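Below is one structure, written out as structure tokens; the observations come after it.
The values are calculated or read from the model by the stated rules, or taken from the named source; none is laboratory data. The shown structure was predicted, so the numbers you read here are calculated from the model rather than taken from an experiment. Here Cβ is always computed from backbone atoms with ideal geometry, including for glycine, and neighbour counts include all displayed protein chains.
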Amino acid sequence: MDLLVEILANIFLTPIVSLLFEKPCEELEQSNRFLKMPKFCRILILVFIVIAFISMWFAIIFGVIMLAMPKMPDDKTTGTICLSVGLSMLFLYVVFVIVCINIKDRRRRKRRTGQRIDSVKPDRSALRKLVHVVIDRPLGSTHPEHDDIVYDVNYGFVPTAIGGDGEPQDAYILGVDEPVSEFDGVVVAIIHRLDDEEDKWVVAPQGMSLTDEEIREKTDFQEQYFKTELIRR
């Protein structure tokens, strides 16, 4: 009996859990949009997914049991309601899974398919501005999708500015030799990507002077994969 249960679990339960639970969570955790959310929002979303997944299958299984083995006259009505609610939740959950699977960063999809991305002229007005940066990829961390990319500098986003991809503007933090979670500094350069839809700002402490060579050397771990132009003034 135990062997039969294990076989059925491997045939049905494991693929269902992988497709409807593990896959959407994995896709969300690799999405830039998700990573740029506040930490408590990310936790709430993941908790909601767990609760929705468990509640959905509980309603379906309970409804089937009530319909298959009624003990009281009202059991079939209760079973029908539970099964209907569970199947409705399953439909909505499948839609959610499809959205998660397709939430990958558009820039990566375009690069994989070889589509050309028209470059937009950079906004030079950001240069020399004092900005607040939230770091979601601290110094020493790895890229959420590419384990071979290790961040040699702190990397984050400016919540008050919108980049070319419609998301908060990404920024490199130079001149800080330890992992940080937030940083206030000056935009000293703009890395204009000619084959991507979003430029990257280079932010450094006020009064710090950086040469073009130093900026390129510090950001080359990621910018080497793009055709770029450095904007200083």
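Anything in segment 51-91 that is of a type in the set (A, V, I, L, M) and surrounded by fewer than 12 Cβ atoms within 10 Å (Cβ to Cβ)? List them, or say none. Result: I51, I54, A68, M69, M72.
Considered as a group, the residues in segment 155-201 that are acidic (D, E) and over 21 Å from the mean Cα position of the chain (by Cα) include one that is nearest to R128 (Cα to Cα), and that residue is D184. Within the bounds of segment 98-109, is there any residue that is modelled with pLDDT of 70 or more and within 30 Å of G166 (Cβ to Cβ)? Yes: segment 98-109 contains one or more residues that are modelled with pLDDT of 70 or more and within 30 Å of G166 (Cβ to Cβ). Of all residues assigned to segment 33-55, at least one qualifies as being over 30 Å from S141 (Cβ atoms) and either outside any helix (DSSP H, G or I) or at pLDDT 75 or above (or both). Residue check: P144 meets all listed conditions (1) surrounded by 14 or more Cβ atoms within 10 Å (Cβ to Cβ); (2) assigned to a strand (DSSP E or B) but one, namely (2). Within the option set T211, T142, being polar (S, T, N, Q), over 29 Å from F40 (Cα atoms) and without any contact (Cβ under 8 Å) to a residue 40 or more places away in the chain holds for one residue only, T211. Checked against (1) free of Cβ contacts under 8 Å to residues at least 24 places away in the same chain; (2) under 30 Å from R137 (Cα atoms), G79 passes all but condition (2).
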